[in-house]
Amino acid sequence: MNDRELVARAAEFRSRAYAPYSGFAVGAALLARSGKIYGGVNVENASYSVGICAERAAIAAAVTAGEREFEALAVIADSPAPCAPCGMCRQVLVEFPIARVILANTAGDLRVLTPAELLPHAFGAAALP
Ligand code: THU
């Protein structure tokens, strides 16, 4: 599965986003080391802060299925530049091994980053007593 194919899967998932408040639909596709793909979309709520981002929804779906190691995550939205994960999602992403994160927009622009590039000097389990 190449990066553009994974972005295409993220775009398919995006059609199921529930974003009535922001109007900003996001889709994510997470490729596990097993080869399986897990989808996520943003799921907003009338109590705005309760909403969840597409990236965290994808990770939750994959972990629920028993996955802990990942190859790539693609995220796509209709944004001027490739859609950048929010800070909270970056922290969730660095919890699990993942080789690369592919940011995309519906215009076809891609940007590929490592988790360390997305969140340098991240807080992690090594800091805990
Ligand atoms: N959102 C995501 O799902 N992922 C991102 O990478 C950026 C933001 C969602 C949260 C909210 O539902 C909407 O996009 C606008 O912020």
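The values are calculated or read from the model by the stated rules, or taken from the named source; none is laboratory data. Everything numeric here is computed off the predicted structure, so don't read it as measured data. FYI the Cβ positions are ideal-geometry reconstructions off the backbone, even for glycines, and counts take in every protein chain you see. These accessible areas exclude ligands, DNA and RNA; they are computed on the full protein's heavy atoms, side chains included. Shrake-Rupley method; radii C 1.70, N 1.55, O 1.52, S 1.80 Å.
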- request: Provide the per-residue ³J(HN,Hα) series for region 11-26, in order, calculated from phi with Karplus coefficients 6.51, -1.76, 1.60 and θ = phi - 60°, each as a whole number of Hz, with x at glycine and proline positions.
  value: 5, 5, 4, 3, 5, 9, 4, 10, 9, x, 8, 8, x, 10, 7, 10
statement: Computed from the beta carbon distance with a Förster radius of 30 Å, FRET efficiency for Leu128 and Val43 to the nearest 0.05 stands at 0.50
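Report the relative contact order of the chain, percent, no decimals, based on alpha-carbon pairs under 8 angstrom and at least 6 residues apart.
21 percent
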- request: Calculate how large, on average over all directions, the projected area of the Cα convex hull of region 1-46 is; give the answer in nm² to one decimal.
  value: 3.3 nm²
statement: From highest to lowest solvent-accessible area (probe 1.4 Å; ligands, DNA and RNA excluded), Val7, Val94 read Val94, Val7
message: Just to make sure I understand: if all protein chains stay in place, what is the order of Tyr48, Tyr21, Tyr38 by accessible area at 1.4 Å, largest first?
response: Tyr48, Tyr21, Tyr38
- prompt: For the chain, which whole percent of the accessible surface, found with a 1.4 angstrom probe, sits on carbon and sulfur atoms?
  reply: 56 percent
query: Which length gain, in nm to one decimal place, applies between Ser34 and Leu113 when the Cα-Cα distance is subtracted from 0.36 nm times their residue separation?
result: 26.3 nm
- line: Here the percent of antiparallel bridges among DSSP beta bridges lying wholly in region 3-121, to the nearest 5, is 70 percent
message: Give me the net charge for the shell around Val41: Cβ to Cβ below 13 angstrom, other residues only, Lys and Arg +1, Asp and Glu -1.
response: +1
statement: For Ser15 the rounded accessible area (nearest 10 Å², probe 1.4 Å, non-protein molecules ignored) is 100 Å²
- request: Find out how many positive minus negative residues lie around Ala61, taking Lys and Arg as positive, Asp and Glu as negative, among other residues whose Cβ is under 14 Å from that of Ala61.
  value: +3
query: Can you put Thr114, Thr64 in order of accessible area, largest first, using a 1.4 Å probe?
result: Thr64, Thr114
- prompt: Which FRET efficiency value, to the nearest 0.05, is calculated for Glu5 and Met88 with the Förster distance at 25 angstrom and r the Cβ-Cβ distance?
  reply: 0.35
- request: Report Glu117's accessible area, 1.4 Å probe, all protein chains in place, as a number in Å² to the nearest 10.
  value: 110 Å²
task: With runs of 4+ DSSP H residues as the only contributors, calculate the mean residue ellipticity of the chain at 222 nm using -39,500 (n - 2.57) per run, divided by the residue total and rounded to the nearest 500.
output: -7500 deg cm²/dmol
message: Binning at 5 angstrom from zero up to the longest distance, how are the C-alpha pair distances of the chain distributed in percent?
response: 2, 12, 23, 24, 20, 12, 5, 2, 0, 0
query: Counting only heavy atoms of protein chains, what accessible area per residue, in Å², does region 26-78 have with a probe of 1.4 Å?
result: 43 Å²
